[in-house]
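Input: a single structure, listed below in structure tokens.
Please treat every number below as a calculation from the coordinates, not as lab data. Here the structure is a predicted model, which is why all the values come from computation and not from measurement. Here the Cβ positions follow ideal geometry from the backbone for every residue, glycine too, while neighbour counts run over all protein chains shown.
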There are 2 protein chains.
Amino acid sequence: MPRKIVKSKFFFEEDYVETIGEVSTEKVKDWASNDKLKIVGKPVSRIDGYDKVSGSAVYTFDVSLPRMTHAKILGSPHPHAKIKKINIKKAKELPGVLAVLTSNNCPKIPWFYNTTVLFDPHLRCEGDEVAAVAAETENIADEALRLIELEYEELPFVTSAEEAMKDNAPKVHDFGNIVRGKPNVYSRGNVEDGFKQADLVFEDKFTTQIAIHNPTEVHCSVANWDGNKLTLWDSTQGIFTVREEVAQSLNIPESEVRVIKHYMGGGFGSKLEAGKYSVIAALLAKEIGRPVKITHDRKQMNLITGNRPDSIQTLKAGVKKEGTLTAITHNSVAAVGAYPSGGGSSGPLIGIYKCPNVNATDYSVMINAGRARPFRAPGHVQGTFALESFIDELAEKVGMDPLDFRLKNYSDVDPISGAPYTSKLLKEAYKKGAEAIGWYSKRKAPGSDKGHIKRGLGMATQIWWGGGAPPANVILKLNGDGSINILAGSQDLGTGTYTFVAQIAAEVLEIPMEKIQVILGDTSIVPYGPASGGSMTAPSVSPAVRDAAEQMKSKLISGAAAVLELPEEQLIYKEGIVLNKNDKAKSISIPDLMRKMREQVLVTTGARNANPKGYAINTFGAHFAEVEVDTETGKIKVLKIVAAHDIGRVLNRKTLENQFHGGIMQGLSYALMEERIMDSNTGKVLNTNLHTYKVPTIKDTPEIEIYIVSEGDNLISNTGVKGIGEPAIIPTAGAIANAVYNAIGVRIKSIPMTPDKVLKALNS
Amino acid sequence: MPRKIVKSKFFFEEDYVETIGEVSTEKVKDWASNDKLKIVGKPVSRIDGYDKVSGSAVYTFDVSLPRMTHAKILGSPHPHAKIKKINIKKAKELPGVLAVLTSNNCPKIPWFYNTTVLFDPHLRCEGDEVAAVAAETENIADEALRLIELEYEELPFVTSAEEAMKDNAPKVHDFGNIVRGKPNVYSRGNVEDGFKQADLVFEDKFTTQIAIHNPTEVHCSVANWDGNKLTLWDSTQGIFTVREEVAQSLNIPESEVRVIKHYMGGGFGSKLEAGKYSVIAALLAKEIGRPVKITHDRKQMNLITGNRPDSIQTLKAGVKKEGTLTAITHNSVAAVGAYPSGGGSSGPLIGIYKCPNVNATDYSVMINAGRARPFRAPGHVQGTFALESFIDELAEKVGMDPLDFRLKNYSDVDPISGAPYTSKLLKEAYKKGAEAIGWYSKRKAPGSDKGHIKRGLGMATQIWWGGGAPPANVILKLNGDGSINILAGSQDLGTGTYTFVAQIAAEVLEIPMEKIQVILGDTSIVPYGPASGGSMTAPSVSPAVRDAAEQMKSKLISGAAAVLELPEEQLIYKEGIVLNKNDKAKSISIPDLMRKMREQVLVTTGARNANPKGYAINTFGAHFAEVEVDTETGKIKVLKIVAAHDIGRVLNRKTLENQFHGGIMQGLSYALMEERIMDSNTGKVLNTNLHTYKVPTIKDTPEIEIYIVSEGDNLISNTGVKGIGEPAIIPTAGAIANAVYNAIGVRIKSIPMTPDKVLKALNS
């Protein structure tokens, strides 16, 4: 069954729950095949392109209000400490300082499942919030932070999951370091029986690093009060989630909090919840009676706004000679920081392959460091690297081609629930990808290239949800001149939501895109839609748009029938005109029709349908990588990535490619470059800026080919769309790792595969 | 049948048309009687009260944008002229001047039914737009206007309707001065036959003055472009109308124009359409690439933003001895200025009394002066003064009490269509008003008081539409904490729309008003609703709010039924809780329910129902006045006004009283004080400010009592509300005039009844 991420209300609850609510077995309205569509699926340019290139698009970072002030936050210099004394006298006396908040004068606002408060004198990681200053300028605020006098009691700290699991380890929170006190366990069949049936039992271990989200736009908020009403501009993926959490923190009705996010420079999961900075901005603004803007700098981003946790993954499998998996187990340990959200990595393992006996054990362990948060396909990115490396090994052990091995263990139904899929075109994706990369023609034996520059091909599979779900609501207003305004319950992270909303309305109502304006990202204004995460936005929102547009078409036809005094059956809608089939001269255009109807604006509302009962909804796909490894320098160059996926209907080929390019590059970076480095002696992060925290540049970009093997998944919705944000990254690291093995004949089991690791592996 | 005002598309069309569209005979959902309602009908304080008294409410006049510039308009100094030469060189050279627009460099944008353009070198009234300047400050813009060098050819002009109707009169427009070239004529029965049946035939003539709307907030716009998208803050009664007209003028899609009006300092009909200033602001802002604010000064307000036209009304009636009307005719001539909208005054006459033979002839005549526009009950205010004065005379002629005479000619059905009314409680209003003023106990023979201070009682009847109509749409969002956000397709003129929207949601969902936020007045955001005019807002919008709220209640009950696994019949909704009738302990609150439903926000949309078929929908009522006339000074003092009306359900007793107080004072002012004075020798208006254009002060305010004799008019909508904005003013002047007659025994047939007219009448 499809699952969706909901914010757990209690720390000890699961993060993932089954979707509940209304379900329907009714067949949703089909769309035409892709080649009949005129705008949907095409490489349409973003409707907000002008705003972005002209600089007129207002990101939260750009918001500037009359009398606005600037706030800065002081973070803990220690990984674990208690504040013994704070003296803010000098800071307050600095001219231009307007307010200073610390644990001494701030209300005790519960935070992180009531385990801490907004300003907690117990500091659990470097960067943990100690104080905040609002001042006339950013510089004054920064200067004031330096004038705050502090005395700390430094406490023992722990910087790795393995250390933190030990009995005598320093406790990050009083209740112990293992999240929920025990691992998350998934199990089906009997793995011991499975291992007994195997011809071969093999075990291996993989490790992955901590990676930082690092969206281009830093985390920031602007708060402004009008009486008891708060307006909060926030760089967030979930305007309604931020509203809920900020209202709860401030103990005011949600209706009095307005959260606005018109444009955003990325989030990748680090902006799914309200940050402390948002509430701090609101408190400071209330205190001084002026707007307050608070922005993180890149160092704070790297310390406290979230990361993909690391993992130590041990996999063990039983396989028969002919390649059938009989059992597979997965044990994962992740260091999830001081205030974690998520951590497990067994999702791909339990969901991709047909294997009757599976056991997965995920430990999430707290350490004195910045928090883990969902990061573009949480769990699946690290899990897929390990699983797909391991599958590559298993194939070799039984002497099979890795792709053939995957096909051997292909599951036509969801291995977790046994339910059929609404669609699964993974075989087609394998076929397309293999063709495009030259899998069967170009692939050689591992390490068989002569010379120090060795080429190799590798592949990895991805599974994700991304089917979307209700609720998502849309309001469509058709104006008297035939132009359209749409309000959609959603927000655009930069992925193209504005554009696909306009495309769908343009497709259904056959109206030029230029006549359509879309409003998103304002809790007081847009109807309602989910946070943008889990690749849920397009599959959840697009059917609501089509629903509203189809209703509008019906409304125009019935309006025309009344005005023209004709039966509806005699009328068809085409390109802004209701055509009279029997007498073209008696057709009527939208402006004329609305004038006759005495309507200035027609309004319809659309909603996302419930998902079909009894089906699993997933996206599937594979990346194929070609790499070149210099065995003298240890440097890996990715030459080409072929991505072939089943992600339902493509809404916009251009923004689809944008998402794939971004996901592939983020995956490439994860495979080869980026890693948060922490000094275990000091508990301090050593690379808190983009000079030392390495991410790829345009020169690292390989040739990229993208193939979508699916059309609309018509069982799930009237648009048949599934999400692509996360599928785009998931299999990248695994495909590259397998290609590196194919190139050099030595497996790198730890990412990032930096030159030193490659050389070390070659030498061992 | 109910009628609604629509903007006629062509100058020669009628302004009033029958409502068409979907009609329903289905009975709408009733509401409880008033005493069962807890919030609706009560004297609830405005939810926007804080914003207003704190100054944080942003009126268009208050809008201030970064880099905003200021524009001013130069008006014609002549009542009729052609521009021969314009030289803007000196104006452009003034430091701080950014742009100058004139007929020489402005595109020819059609205006006023294509009879003129935005800057027309043919100027038809004092104040007609000659040029506009945008500058860094208002003062610079003003100074630049003085530097524009102009050469005019002065043309003969005409300043009264009687003169303008003459064949050789100067033509305001080339096609002649009488609007549509002929009068508007209404006729039923045969008036000649009617006069023959009468025992008495009587004729009299009444005149009324030109009155200026003079809302507190002057007409103003702020225009800002973002690429091809225009945002226009506009002090308007019709955000969607302004959007349509501005988009047409600029030839851009309506979807790219966003019109915002959050708060407004009154309109009274003068802000129902886009003004030239709005389009000029947009053109200047486009040209200079910065926001432009344009405000009228009080002189421009008094010259060109509209007025209630004057009237010369001749009435003739046939009456039988016992008081039955056998025939009545009405001939009216109105001077409607150079660009008129509306003018006739026969509405009350054809609609109030049972009389089989009626003829009404309305001439609207253009003169070289500012334009007539709808002004709070257009036509009915001047028409009711004349009709109800005349009815008072007729009653005396046949020796009847004026109230008894009205009851004698009472019509139980709509005399125009013969249709029944959805409700008509005019008799009850008469009864209540008569009791309260002491009609039968205190009223004496005309002029019978001794001494020079004479008291008198008078009354007048009102009829208006105000039943409301679709379309009006509302979106209601219930948040996870039980608070509510509502978007209503409407705008608040200052009359309390924000508040009644919240009241209705609070009533239905039994939630405190403090938890409800309402958004109005933004074309890109609110769903759709009509312009606020014709007393249509509350009767159109309130049923849509109730519809959305009732749907939300149903949604909560069905959600609770699913979550609690109980039949819906076992559940009732009460004060934010879905109660389990059989087991109170298993009831569930909104926050708990929504958490269980995994819903962050629930959304419903509501719409105004169609009006019932075959009924006339009107408001009815009467004002009773007690006055004191000093026969030595001619000064009239209004001591008391009793207003007794059938206006359906009261939504808010406090804002109802506000509207009545305002309407009564505006009517008192019309009866006694205000008048636009024009010098017929120069064609110039002599009193263009509030020193010389007299309006009443708090010291002129009489005791006011308001009685509403109706509960909900349940045939029309689920709230049963009819409008009160216009009923409040209509009968004021007539009631005062009749009271003055009753006091002094001499009838003043011309308003305003200034002391000089009273003394002249006493002396004749």
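How big is Rg to Rh over the stretch B:664-747, alpha-carbon atoms, Rh as the Kirkwood inverse-mean-distance radius?
Values: Rg = 18.0 Å, Rh = 16.0 Å.
Value, to two decimals: 1.13.
Find the all-direction average of the projected area of the Cα convex hull for the protein assembly as shown, expressing the result in square nanometres with one decimal place.
63.0
Stick to Cα atoms and the Kirkwood definition of Rh, then tell me Rg/Rh for chain A. Can you show the working numbers first?
Working: Rg = 27.3 Å, Rh = 27.5 Å.
Reported Rg/Rh (Cα atoms, Kirkwood Rh): 0.99.
After finding the eigenvalues of the alpha carbon gyration tensor for the stretch B:81-135, what semi-axes result from the square roots of 5 times each, listed largest first in whole Å?
On the way: eigenvalues 100, 29, 17 Å².
The three semi-axes for the stretch B:81-135 are 22, 12, 9 Å.
B:Lys36: which aspartates and glutamates have alpha carbons under 20 Å from its alpha carbon, excluding same-chain residues fewer than 8 sequence positions away?
B:Glu507, B:Glu510, B:Asp547, B:Glu550, B:Glu575, B:Asp646, B:Glu711, B:Asp713
What are the ³J(HN,Hα) couplings of the stretch B:619-632, residue after residue, when phi is run through the Karplus curve with 6.51, -1.76, 1.60 and θ = phi - 60°? Round to Hz, x for glycine and proline.
For the stretch B:619-632, the Karplus curve yields 9, 9, x, 8, 9, 10, 10, 10, 10, 10, 10, 8, 6, 7 Hz.
Can you pull the mean other chain C-beta count within 10 Å for peptide A:510-520? Don't skip to the answer; put the middle values down first.
Details: counts 0, 2, 1, 0, 5, 5, 3, 8, 2, 4, 0.
Shielding by partners across A:510-520 averages 3.
Distance between Cα centroids, the stretch A:355-419 to the stretch A:492-512: provide it in whole Å.
Here the two parts' Cα centres lie 35 Å apart.
So how much slack lies between A:Ser187 and A:Ser764, counting 0.36 nm per residue of separation and subtracting their Cα-Cα distance, in nm? Don't skip to the answer; put the middle values down first.
On the way: separation 577, 0.36 × 577 = 207.72 nm, distance 3.61 nm.
Between A:Ser187 and A:Ser764, full extension yields an extra 204.1 nm.
Starting from one equal scatterer on each C-alpha and no solvent at all, send me the Debye-based log10 I(q)/I(0) for the stretch A:193-308 at q = 0.11, 0.24 Å⁻¹, two decimals.
Once normalised to I(0) and log-transformed, intensities are -0.43, -1.32.
What are the distances, in nm and sorted shortest first, from the label point of A:Arg67 to the label points of the same position in each other copy, with each label point placed 7 Å from Cα along the Cα-to-Cβ direction?
Copy-to-copy label distances for A:Arg67: 2.4 nm.
Run the numbers on the stretch A:231-336 and let me know its relative contact order in percent, using alpha-carbon pairs under 8 Å that are six or more apart.
Computed value for the stretch A:231-336: 21 percent relative contact order.
Picking from A:Gly265, A:His330, A:Ser680, whose Cα lies most toward the positive end of the charge dipole for chain A (charges on Cβ: Lys, Arg +1; Asp, Glu -1)?
A:Gly265
Could you tell me the center-to-center distance, by alpha carbons, between the stretch B:688-764 and the stretch A:670-691 in angstrom?
80
Quick check on my link table: of A:Lys205/B:Lys596; B:Lys171/B:Lys637; B:Lys205/B:Lys613; A:Lys515/B:Lys613; A:Lys515/B:Lys261; A:Lys276/A:Lys424, which ones sit more than 32 Å apart, alpha carbon to alpha carbon? Could the numbers behind the result be given before it?
Values: A:Lys205/B:Lys596 40 Å; B:Lys171/B:Lys637 42 Å; B:Lys205/B:Lys613 38 Å; A:Lys515/B:Lys613 37 Å; A:Lys515/B:Lys261 23 Å; A:Lys276/A:Lys424 42 Å.
Correct reply: A:Lys205/B:Lys596; B:Lys171/B:Lys637; B:Lys205/B:Lys613; A:Lys515/B:Lys613; A:Lys276/A:Lys424.
Starting from the Cα of B:Glu575, step 7 Å along the direction of its Cβ; do the same at A:Val58; then give the gap between the two resulting points in nm.
Placing both labels 7 Å beyond Cα along the Cβ direction yields 4.2 nm.
Treating only the Cβ of Lys, Arg, Asp and Glu as charged (+1, +1, -1, -1), what charge dipole size does the stretch A:621-695 show about its Cα centre? Round to the nearest 20 debye. Don't jump to the answer; show the numbers that get you there.
Values: 9 positive and 9 negative charges, 70 e Å.
Computed about the Cα centre, the dipole is about 340 debye.
Once you place label points 7 Å from the Cα toward the Cβ at A:Phe175 and A:Arg653, how far apart are they in nm?
5.3
Which Cα, out of B:Ser64, B:Ser221, B:Pro727, lies furthest along the positive dipole direction of chain B (beta carbon charges, K/R +1, D/E -1)?
Farthest towards the positive end: B:Pro727.
Please arrange A:Phe500, A:Phe385, A:Phe405 by how many other C-beta atoms lie within 10 Å of their C-beta, fewest to most. Present the calculation step by step, with values, prior to reporting the outcome.
Numbers: A:Phe500 30, A:Phe385 33, A:Phe405 22.
Taking fewest neighbouring Cβ atoms as first place, the list is A:Phe405, A:Phe500, A:Phe385.
What does the copy distance list look like for B:Asn104, label position 7 Å along Cα→Cβ, in nm and ordered from shortest?
Its label point is 7.0 nm from the equivalent points in the other copies.
For each of A:Cys106, A:Cys355, count neighbouring Cβ atoms within 10 Å of the residue's Cβ, then give the residues from fewest to most.
Numbers: A:Cys106 20, A:Cys355 23.
Final ranking by Cβ density, sparse to dense: A:Cys106, A:Cys355.
Return one quarter of the surface area of the convex hull spanned by the alpha-carbon atoms of the stretch B:334-490, equal to its mean projected area, in nm². Write out the running numbers ahead of the final one.
Working: hull surface 65.0 nm².
It is 16.3 nm².
Please give the net charge around B:Glu657, taking every other residue with its beta carbon less than 14 angstrom from that of B:Glu657, where Lys and Arg add +1 and Asp and Glu add -1. Intermediate values should be presented prior to the final figure.
Working: positive: B:Lys42, B:Arg46, B:Arg653, B:Lys654; negative: B:Glu703, B:Glu705.
Its environment carries a net charge of +2.
Label position 7 Å from Cα toward Cβ: report the copy-to-copy distances for A:Gly451 in nm, one decimal, ordered from shortest.
From this label point to the equivalent ones elsewhere in the assembly: 12.2 nm.
Can you put A:His213, B:His623, A:His380 in order of Cβ neighbours within 10 angstrom, beginning with the fewest? Show your work: numbers first, answer last.
On the way: A:His213 22, B:His623 36, A:His380 26.
So the ranking, lowest neighbour count to highest, is A:His213, A:His380, B:His623.
Run the count for the stretch A:644-764, please: Lys pairs, Cα-Cα under 30 angstrom, 8 or more apart or on different chains.
Summing the qualifying lysine pairs gives 15.
In whole Å, largest first, what are the principal axis extents of the Cα atoms in the stretch B:244-304?
31, 23, 21
Just how far, in whole angstrom, is the stretch A:240-305 from the stretch A:324-338 if you go by their alpha carbon centroids?
Taking the Cα centre of the stretch A:240-305 as reference, the centre of the stretch A:324-338 is 35 Å away.
For the stretch A:326-367, evaluate the Debye formula with one uniform point scatterer on each Cα (no solvent term) and list log10 I(q)/I(0) at q = 0.22, 0.30, 0.34, 0.35 Å⁻¹, rounded to two decimals.
These q points yield log10 I(q)/I(0) values of -0.69, -0.98, -1.14, -1.18.
What distance in nm separates the simple spin-label points at A:Asn251 and B:Glu703, each placed 7 Å from Cα in the Cβ direction?
Result: 4.9 nm between the two label points.
Counting only helical runs of four or more DSSP H residues, what would the 222 nm mean residue ellipticity of the protein assembly as shown come to if each run contributes -39,500 (n - 2.57) and the total is spread over all its residues? Walk me through the numbers on the way to the answer.
Numbers: 38 runs with 401 residues, N = 1528.
Helix-only estimate at 222 nm: -8000 deg cm²/dmol.
Only loop residues by DSSP count here, and only those with at most 16 other Cβ atoms within 10 Å; note down the trypsin sites (Lys or Arg not before Pro) in the stretch B:526-583 that meet that.
Numbers: sites: B:Arg546, B:Lys553, B:Lys555, B:Lys574, B:Lys581; in loops: B:Lys581.
Sparse-neighbourhood loop trypsin sites (Lys or Arg not before Pro): B:Lys581.
Show me, bin by bin at 10 Å from 0, the whole-percent P(r) of the stretch A:482-618 based on Cα pairs.
12, 38, 29, 16, 6, 0
With r defined as the distance between the Cβ atoms of A:Tyr410 and A:Gln197 and R0 fixed at 22 Å, what FRET efficiency is calculated, to the nearest 0.05? Don't skip to the answer; put the middle values down first.
Details: r = 19 Å, r/R0 = 0.87.
After rounding, the FRET efficiency stands at 0.70.
Across every pair of different alpha-carbon atoms, what Kirkwood hydrodynamic radius in Å does the stretch A:282-367 reach? Can you show the working numbers first?
Numbers: mean 1/r = 0.0610 Å⁻¹.
Its Kirkwood hydrodynamic radius stands at 16.4 Å.
If you average over every viewing direction, what projected area does the convex hull of the Cα atoms of the stretch A:610-695 give, in nm²? Mind showing how you got there, number by number?
Working: hull surface 41.6 nm².
Computing the convex hull of the Cα atoms and averaging its projections yields 10.4 nm².
Ratio of the stretch B:559-711's C-alpha Rg to 2.2 N^0.38 Å, to two decimals? Mind dumping the intermediate values first?
Details: Rg = 27.8 Å, N = 153, 2.2 N^0.38 = 14.9 Å.
Here the Cα radius of gyration is 1.87 times the empirical estimate.
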